[in-house]
Amino acid sequence: MKILFLNGPNLNLLGLREPAVYGRVTLAEIEAQIRSKANELGVNVDFRQTNAESELVDWIQQAREVFDVIVINAAAYTHTSVAIRDAISGVGIPTIEIHLSNVYSREEFRHHSWIAPVCKGQITGFGANSYLLALQAAISIQL
Ligand code: DQA
């Protein structure tokens, strides 16, 4: 089984960026946790970050027939991107939306997700653990 983890804009700044909201764990540390857990569970993971919307769209398109599940923290593009939503629905790969923070307890503009309706489900508010919960959810989709 192959799972693609995608991370959107500014998530490369985790650890430094608004630690009261996002915690002090870096994206590299989250990736290491995911790789170690995935290894234990015998699943294959790819883990990527980009600040570019078009790159996320390209990666989602290229995932067709390569990955079984996509886990995406689209970051700010969650609230703006019809292109990412269309890419997810276009490839038809089961996709899980995740966020470190609880987007519903924050500013109103974060309450709307363009991608939620085309995702299998959403995990939001568990900090770095949102990624581990998503790994479990991704595996359970395939069972
Ligand atoms: C985020 C929440 C988004 O609203 C925000 O734009 C981010 C990070 C999260 O993981 O909590 O960049 O996706």
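The values are calculated or read from the model by the stated rules, or taken from the named source; none is laboratory data. All values reported here derive from a predicted model rather than from experimental measurement. So basically every Cβ, Gly included, is an ideal-geometry build from the backbone, and we count neighbours across all protein chains shown. With ligands, DNA and RNA removed, areas are computed over all heavy atoms of the protein, side chains included. Shrake-Rupley method; radii C 1.70, N 1.55, O 1.52, S 1.80 Å.
Restricting the range 93-115 to residues that are touching a residue at least 24 places away in the same chain (Cβ under 8 Å), open to solvent by 20 Å² or more (accessible area, probe 1.4 Å) and of a type outside the set (Lys, Arg), the residue that is farthest from the ligand (Cβ to nearest atom) is PRO94.
If you go through the range 60-76 and keep only what is crowded, with 16+ Cβ neighbours inside 10 Å and either of a type in the set (S, T, N, Q) or more than 23 Å from ILE34 (Cα to Cα) (or both), you end up with just ASN73. Restricting LEU11, LEU4 to residues that are surrounded by 15 or more Cβ atoms within 10 Å (Cβ to Cβ), modelled with pLDDT of 95 or more and more than 16 Å from the ligand (Cβ to nearest atom) narrows the list to LEU4. The requirement of being away from the ligand (no atom under 11 Å from the Cβ) and in contact with a Cys (Cβ under 8 Å, 6 or more places away or on another chain) is fulfilled nowhere in the range 125-138; no residue meets it. Here VAL91, VAL103, VAL25, VAL71 are screened, and the one residue that is closer than 19 Å to GLN122 by Cα and more than 15 Å from the chain's Cα centre (by Cα) is VAL91. Annotation: of all residues in the range 37-57 being over 15 Å from the mean Cα position of the chain (by Cα) and open to solvent by 10 Å² or more (accessible area, probe 1.4 Å), the one that is farthest from SER130 (Cα to Cα) is SER54.
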